[in-house]
Amino acid sequence: MADRMRAAGCWAVLALASAAQARTWTSTDGRTIEADFVRGDDTSVTVLKGGREVSIPLAKLSEEDARFVREKVAAAGQVDLSELGEYAKFAKGEWVKGEIEDLKFQIWAPASFKAGKDLPLVMFLHGVGERGDDNERQVNGLPRTFASPQNQAVRPCIVVAPQCPPEVFWSNPEITENIIDLTEDLAENLPVDEDRIYVAGFSMGGFGTWSVIAEEPKLFAAAVPISGGGNPANARDLRKLPIWNFHGEKDETVSVEQSREMVEALEKAKADITYTEIPGADHGIADQVLRDEKLQQWLFSKTRAK
């Protein structure tokens with residue numbers, strides 16, 4: 001993976017005021033003073049009067065002045081989305097379409113970002129039934145689990161749902177490379193916490209998840225392959241990556257032996273592997289898995305190994 005560096009200070013916490021701002025301040029009892037705004041927070045404001053800094057509780061200021069300070073604090077706590085360039089179009093708080101290297105995708109990203117607080121990124125790989133070129137069908141209920149208001153309230157993140165082209169598979173080397181390129185490009189150009197990039201996938205996407213992490217294990221902080229399979233020969237390369245693998249015991253679409261073989265190889269390599277085989281379950285377990293609170297907590301607790 002190529003080294004990536006953001007422009008210095010791009011996501012640094014913004015200074016609340018780079019220069020003093022003159023203002024007439026009014027107290028709750030009607031008295032006024034002329035002083036320069038310096039900085040503020042949720043409870044007080046610091047002003048410059050006669051060359052001396054003075055702190056004033058917001059509770060002692062007029063509603064208009066208190067609102068002025070709070071708006072300054074809020075504005076300073078947000079990333080200027082114009083800094084994202086062409087990537088600003090993805091920060092809408094809704095699913096937005098994009099394309100890179102003939103790989104179509106949709107992204108859900110919040111409409112605003114807090115300065116200095118990069119977000120985790122979740123890459124979700126769909127099953128064979130969502131292949132195509134409409135850039136629509138892959139955004140089904142599974143990736144929406146991560147973008148739901150309930151999840152975003154406790155686990156805010158950026159969610160990416162690429163669409164595999166017709167007649168090919170995620171495990172195709174060229175497609176695997178496209179997914180990695182997309183992940184790296186988004187991490188470089190959006191406020192992404194590069195130590196908390198996750199990949200999950202179901203069925204064909206489960207195979208794709210194994211393929212992607214085998215190609216670039218150091219890019220991800222954790223992986224969740226569901227109802228898929230990989231190459232046991234890659235186990236040693238994956239030993240430092242936390243993986244939680246799921247499969248239905250009675251899966252008639254992708255044999256559970258595919259997961260069992262991977263898990264056995266990973267356990268021999270002393271890898272960080274957790275395996276859940278759901279008794280009596282067939283192939284379609286992804287919705288159950290992704291909505292599980294324990295899985296969500298586990299995933300978002302992981303950070304990339306140094």
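The values are calculated or read from the model by the stated rules, or taken from the named source; none is laboratory data. Everything numeric in this text was worked out from a predicted model, so none of it was measured. All Cβ positions, even for glycine, are placed from backbone atoms using ideal geometry, and neighbour counts span all protein chains on display. Accessible surface areas use protein heavy atoms only, side chains included; no ligands, DNA or RNA. Shrake-Rupley method; radii C 1.70, N 1.55, O 1.52, S 1.80 Å.
For the stretch 236-306, which fully contained helices (runs of 4 or more DSSP H) count at least 2 residues that are more than 15 Å from residue 222 (Cβ to Cβ), free of Cβ contacts under 8 Å to residues at least 40 places away in the same chain and touching a strand residue (DSSP E or B) at 6+ places or on another chain (Cβ under 9 Å)? Even if it seems obvious, please write down each step before you answer.
On the way: elements: 256-268, 286-290, 293-300.
Helices (runs of 4 or more DSSP H) meeting the threshold: 256-268.
Quick one: residue 170 ticks every box in (1) farther than 22 Å from residue 296 by Cβ; (2) touching a helix residue (DSSP H, G or I) at 6+ places or on another chain (Cβ under 9 Å); (3) surrounded by fewer than 23 Cβ atoms within 10 Å (Cβ to Cβ) except a single one, so which number is it? Against the list (1) farther than 22 Å from residue 296 by Cβ; (2) touching a helix residue (DSSP H, G or I) at 6+ places or on another chain (Cβ under 9 Å); (3) surrounded by fewer than 23 Cβ atoms within 10 Å (Cβ to Cβ), residue 170 comes up short only on (3). Return yes when residue 141 is under 17 Å from residue 191 (Cα atoms) and in contact (Cβ under 8 Å) with a residue 24 or more places away in the chain and no when it is not. In short, no. The sole residue among 302, 268 that is under 23 Å from the mean Cα position of the chain (by Cα) and not small (Gly, Ala, Ser) is 302.
Does any residue of the stretch 220-241 turn out to be open to solvent by 70 Å² or more (accessible area, probe 1.4 Å) and in contact with a Pro (Cβ under 8 Å, 6 or more places away or on another chain)? Break it down into steps so the answer makes sense when it comes.
Restricting attention to the stretch 220-241, the residues satisfying the condition of being open to solvent by 70 Å² or more (accessible area, probe 1.4 Å) are 231, 233, 236-237, 239-240.
From the residues that got through so far, the ones that are in contact with a Pro (Cβ under 8 Å, 6 or more places away or on another chain) too are 237, 240.
So far as the stretch 220-241 goes, yes, one or more of its residues are open to solvent by 70 Å² or more (accessible area, probe 1.4 Å) and in contact with a Pro (Cβ under 8 Å, 6 or more places away or on another chain).
Applying a threshold of 8 Å to beta carbon distances and a minimum spacing of six or more residues, or different chains, the list of pairs starting in the stretch 42-60 at a residue that is free of Cβ contacts under 8 Å to residues at least 40 places away in the same chain and under 15 Å from residue 22 (Cα atoms) and ending at one that is in a helix (DSSP H, G or I) and open to solvent by less than 70 Å² (accessible area, probe 1.4 Å) reads 45/58; 45/65; 45/69.
I'm trying to understand the selection: among the residues of the stretch 36-46, which are under 17 Å from residue 63 (Cα atoms) and either out of contact with any strand residue (DSSP E or B) (no Cβ under 9 Å at 6 or more places or on another chain) or not aromatic (Phe, Trp, Tyr) (or both)? Spell out how you get there, then give the answer.
Going through the stretch 36-46, the residues under 17 Å from residue 63 (Cα atoms) turn out to be 37, 40-46.
Residues satisfying the conditions are 40, 41, 42, 43, 44, 45, 46.
Just to be sure I understand, how many residues within the stretch 120-165 are in a strand (DSSP E or B) and either out of contact with any Asp or Glu (no Cβ under 8 Å at 6 or more places or on another chain) or surrounded by fewer than 19 Cβ atoms within 10 Å (Cβ to Cβ) (or both)? Outline the logic, then answer.
Step one: of the stretch 120-165, the residues in a strand (DSSP E or B) are 120-125, 158-163.
This time we only want the ones that are either out of contact with any Asp or Glu (no Cβ under 8 Å at 6 or more places or on another chain) or surrounded by fewer than 19 Cβ atoms within 10 Å (Cβ to Cβ) (or both), so: 122-125, 158-162.
The total comes to 9.
Put simply, of 212, 254 the only residue that is modelled with pLDDT of 95 or more, among the aliphatic types (A, V, I, L, M) and closer than 30 Å to residue 112 by Cβ is 212. Can you spot a residue in the stretch 196-213 that is assigned to a strand (DSSP E or B) and without any contact (Cβ under 8 Å) to a residue 40 or more places away in the chain? Checked against the condition, which is being assigned to a strand (DSSP E or B) and without any contact (Cβ under 8 Å) to a residue 40 or more places away in the chain, the stretch 196-213 yields no hits at all. Taking residues in the stretch 146-171 that are free of Cβ contacts under 8 Å to residues at least 24 places away in the same chain, and partners anywhere that are part of a loop (DSSP other than H, G, I, E, B) and not basic (Lys, Arg), not one pair has Cβ atoms closer than 6 Å while being at least 6 places apart or on different chains.
Only one of the numbered conditions (1) within 20 Å of residue 264 (Cα to Cα); (2) surrounded by fewer than 17 Cβ atoms within 10 Å (Cβ to Cβ); (3) touching a strand residue (DSSP E or B) at 6+ places or on another chain (Cβ under 9 Å) is not met by residue 185, and that is (1).
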